[in-house]
Amino acid sequence: MQEQLRLQNQLCFPLYAVSKAVTRLYLSYLTPLGITYTQYVVFLVLFEQDGIRVKELGKRLFLDSGTLSPLLEKLEKQGYVEKGKSLDKRERIVTLTAKGKALEATLAPIPFQIASRLQLNEDEAKTLYTLSYRLLNQLEEDHE
């Protein structure tokens, strides 16, 4: 067997496995609230910037419209968001409803709960964060 094809020599595999494991950890907190991980990250963006264009939301979350549109439709049916038109009427704007805004207080403890379970010190967490975003941004630039 060629050395470069060994699973243990693949950078992609631990990234994939860690992503799955961390998402599963988040779901242990989100599922009782009836929220998926992808919905959770949508809420995080909307808590930062309510009234965002759908296209910008997708860009920030690295989600295509085929993934984002049904997700937003579901959140709209659940009463968490509203989709309206921008001033020039060509783009859709997503805003939180009162119910969506109220969810912020419920979701606020989750990052601390996750951090306590990951058992990384502050320097390790910052390094992992920095390297992850560096790779993500590089790969997205290569994709465009």
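Numbers below:
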quantity: Filter pass, Val81 being touching a residue at least 40 places away in the same chain (Cβ under 8 Å), among the aliphatic types (A, V, I, L, M) and crowded, with 16+ Cβ neighbours inside 10 Å; calculated: no
quantity: Residue match in region 98-112 (condition: among the aromatic types (Phe, Trp, Tyr), in contact (Cβ under 8 Å) with a residue 40 or more places away in the chain and either surrounded by 13 or more Cβ atoms within 10 Å (Cβ to Cβ) or out of contact with any Phe, Trp or Tyr (no Cβ under 8 Å at 6 or more places or on another chain) (or both)); calculated: no
quantity: Residue that is hydroxyl-bearing (Ser, Thr, Tyr), closer than 25 Å to Ser28 by Cβ, surrounded by 13 or more Cβ atoms within 10 Å (Cβ to Cβ) and without any contact (Cβ under 8 Å) to a residue 60 or more places away in the chain, where the choices are Ser132, Ser116; calculated: Ser132
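Laboratory data are not the source of any read-out in this text; all were calculated from the coordinates shown. This one's a predicted model, so the numbers in the text were calculated from it and none came from an experiment. Note that each Cβ is placed from the backbone with ideal geometry, even for glycine, and that neighbours are counted across all protein chains shown.
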